[in-house]
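Worksheet: one structure, shown below.
The values are calculated or read from the model by the stated rules, or taken from the named source; none is laboratory data. This structure is a prediction, so every number in the text was calculated from the model and none was measured. Glycine gets a Cβ as well: all are built from the backbone with ideal geometry, and neighbour counts include every protein chain shown. Calculation scope for accessible area: heavy atoms of the full protein, side chains included, ligands and nucleic acids excluded. Shrake-Rupley method; radii C 1.70, N 1.55, O 1.52, S 1.80 Å.
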Amino acid sequence: MLSRGSASMLHSYFTVKEAGEHEIVIEKSRFICHLSRVSTEQEAQEFIQKIKKQHWNATHNCSAYVIGENDHIQKANDDGEPSGTAGVPMLEVLKKRGLKDTCAVVTRYFGGIKLGAGGLIRAYGKSVSEGLNHIGVVERKLMRVMHTSADYTWLGKIENELRESPFLLKEIHYAENVEFEAYVEEKETQSFSEWMTELTNGKSDITEGELTYLEKAVNHIKETE
């Protein structure tokens, strides 16, 4: 859940929700957009080859991907379409949406009507854009799991206060003492500890746990310039 492969621990970033596909038809040509998360260039290439094998009889299988904390790996492939009319507009959509660790492959079955350079650029860009809208985008936010252990007399108070707080309650463990796990942003860990200490009059044991990413669906990503 935590690994980002080539990218380091970003506080938050956007990526495609899950692997999926979405088809549109433009001037009788079928454009099928396939999307997947990838954390390395090898994963991206494997995904591209998988789609090419699946659609071996397609006219084109164009691709684009962006990987890494600073988008340091960016590739676009026109797969036989006129240079710059497929892979680059696909890549531009991924970048304008602010996505990371995402690979797109657009399969085209030619319908007999030529689109021209401008038409192809619009078609491949639209295919990826509509594919993302259909499959969805998530924001992955880095969180620290904070553990709070206390006597059972504090169970009701801590649980109620946590549920009313901006912190997200992950789990409650019932052992010798009651232990609460809560998701807290890294920059908020100190304030969480101070808040919990004050809440329990210093009668709780607070420790830091693992770092993990939480995902939240995003309805619309504003495209950047």
Residues satisfying the stated conditions in the range 64-79, i.e. assigned to a strand (DSSP E or B), in contact with a Leu (Cβ under 9 Å, 6 or more places away or on another chain) and touching a residue at least 40 places away in the same chain (Cβ under 8 Å): A64
Residues that are exposed (fewer than 10 other Cβ atoms within 10 Å of the Cβ) and of a type in the set (A, V, I, L, M, F, W, C), drawn from the range 205-219: A217
Any pair with Cβ under 8 angstrom, 6 or more apart, that starts in the range 91-104 at a residue that is more than 17 Å from Y124 (Cα to Cα) and ends at one that is at pLDDT 95 or above and charged (D, E, K, R): D101/R37
Scope the range 90-109; condition of a type outside the set (D, E, K, R), under 17 Å from the mean Cα position of the chain (by Cα) and open to solvent by 10 Å² or more (accessible area, probe 1.4 Å); matching residues: L91, V93, G98
In the range 176-204, residue nearest to R140 (Cα to Cα) [restricted to those that are surrounded by fewer than 17 Cβ atoms within 10 Å (Cβ to Cβ) and more than 35 Å from the chain's Cα centre (by Cα)]: E198
Test: residue in the range 31-46 that is open to solvent by less than 40 Å² (accessible area, probe 1.4 Å), of a type outside the set (K, R), farther than 24 Å from E215 by Cβ and in a loop (DSSP other than H, G, I, E, B): no
Single match in G112, G87, G136, G68 (criterion: open to solvent by 30 Å² or more (accessible area, probe 1.4 Å), among the small types (G, A, S) and either touching a Lys or Arg at 6+ places or on another chain (Cβ under 9 Å) or within 30 Å of K187 (Cα to Cα) (or both)): G112
